[in-house]
Amino acid sequence: MESSDDEKDGSYGKYVPREPSHNLVSNGAKFVDEVLNGQNERCLENFRMDKHIFYKLCDILQAKGLLRHTNRIKIEEQLAIFMFIIGHNLRTRAVQELFRYSGETISRHFNNVLNAIMAISLDFFQPPGSNVPPEILDDPRFYPYFKDCVGAIDGIHIPVMVGVDEQGPFRNKNGLLSQNVLAACSFDLKFHYVLAGWEGSATDLQVLNSALTRRNKLHIPEGKYYLVDQKYMNMPGFIAPYHDIPYQSREYTGGYHPQDAKELFNLRHSLLRNATDRTFGALKVRFPILLSAPPYPLQTQVKLVVATCAIHNYIRRENPDDCLFRLYEQDHVSHMEDSLPQLEAEQLTAHIETPTVDIAFETEEREITSQLRDAIATELWSDYINDISPM
């Protein structure tokens, strides 16, 4: 169902009020001053980040000449309008009532801030390096087996609003209008790379092919690889799980053990690859505007995906201990999996179609990647058997 102009509040764990906190506020400037001069939790509630991080982002945008104070609205208030909209999934009419500005003024500053964030977005996306990620290095379940893995990739469908004449290509296989977004994620809940704007009917391999061949392309260090799920297949730079083998993201319980090397590989693969679910979960809880199609031009909707991912990375960089990120750390996920936001993404089922490769890799290259997967599985299984044999 398409969204309306009514207020739509997102949730931010226990930190977000049921309604935007604007008691007794007569205008936007006073509201913003009260929030920024109040307790840090109020800034988290309303603007989705700590106060010092909010001020630093204002300074960055001003220093680069991307935003400036106007006679009526300071940069802090301009950023506040933008963050309030994307952080509570509000429409212009609702924000007008709070900030006491016309719809045209709200829209103009919203777009100005969006374009400013886009202008510096590449500064917040860092490609993977050559070092082993600590989440692998420090975990005997994954090291040394996955020492060359730099992250995980997945596609997610974000709701989109387009004109009737444009809806055909954007209708995904579930019959919903969406854009197919590809994201490469690190294991510490950051986005290495995001490609938004593909129609919902596009396959994940089509989007990946675009990411690998465009000017601003996905970078994979030599000799490294990303984990991908069963919608993809083994290719140079990407390792998928074994098909027709159980694939789950929780350790086995009840005394059951993996029966062979492939089953164990799929288990460890899935435990690592759920970094994408946790990263998307943190993103959508912080920015619930991504949960429904906002009534903006298509290009604005595409920019919003990239901009929210960039701000997500900025907050993670500046404050790794941010309260929301803590909820999605690996140690806490098992206690909250049932409450994670529902992602409009491809879900794995018992029947999985074999993906068709439309990326130009030689058969020999794909075979080398399959051999690498087999070698990892064999080493995993050998150590696993040795570990449990005395029991």
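Rule-based calculations on the coordinates, nothing more; no lab input. Values in this document were obtained by computation on a predicted structure and should not be read as measured data. So basically every Cβ, Gly included, is an ideal-geometry build from the backbone, and we count neighbours across all protein chains shown.
Tabulated data
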{"read-out": "By average C-beta atoms within 10 angstrom, highest first, the peptides 44-53, 100-109", "value": "44-53, 100-109"}
{"read-out": "Protection proxy ranking, peptides 203-209, 82-88, average beta carbon neighbours within 10 Å, highest first", "value": "82-88, 203-209"}
{"read-out": "Protection proxy ranking, peptides 187-200, 132-145, 62-75, average beta carbon neighbours within 10 Å, highest first", "value": "187-200, 132-145, 62-75"}
{"read-out": "Spin-label model distance (nm) - Asp165 vs Lys64, 7 Å beyond Cα toward Cβ", "value": "3.6 nm"}
{"read-out": "Arg215-Tyr55 FRET efficiency (beta carbon distance; Förster radius 22 Å; 0.05 resolution)", "value": "0.05"}
{"read-out": "Cα-projected label distance for Arg108 with Asn174, points at 7 Å along beta-carbon direction, nm", "value": "3.9 nm"}
{"read-out": "Simple label model, 7 Å out from Cα along Cβ direction - Glu365 to Asn319, nm", "value": "4.4 nm"}
{"read-out": "Cβ-derived FRET efficiency at R0 45 Å, Tyr143 paired with Glu97, nearest 0.05", "value": "0.25"}
{"read-out": "Gain on full stretching of the segment that runs from Thr300 to Asp244 - 0.36 nm per residue minus C-alpha separation", "value": "16.1 nm"}
{"read-out": "Potential lengthening between Asp374 and Gln39 on full extension [0.36 nm per residue; Cα-Cα distance subtracted]", "value": "115.2 nm"}
{"read-out": "Projected-area average for region 159-311 over all orientations - Cα convex hull basis, square nanometres", "value": "11.0 nm²"}
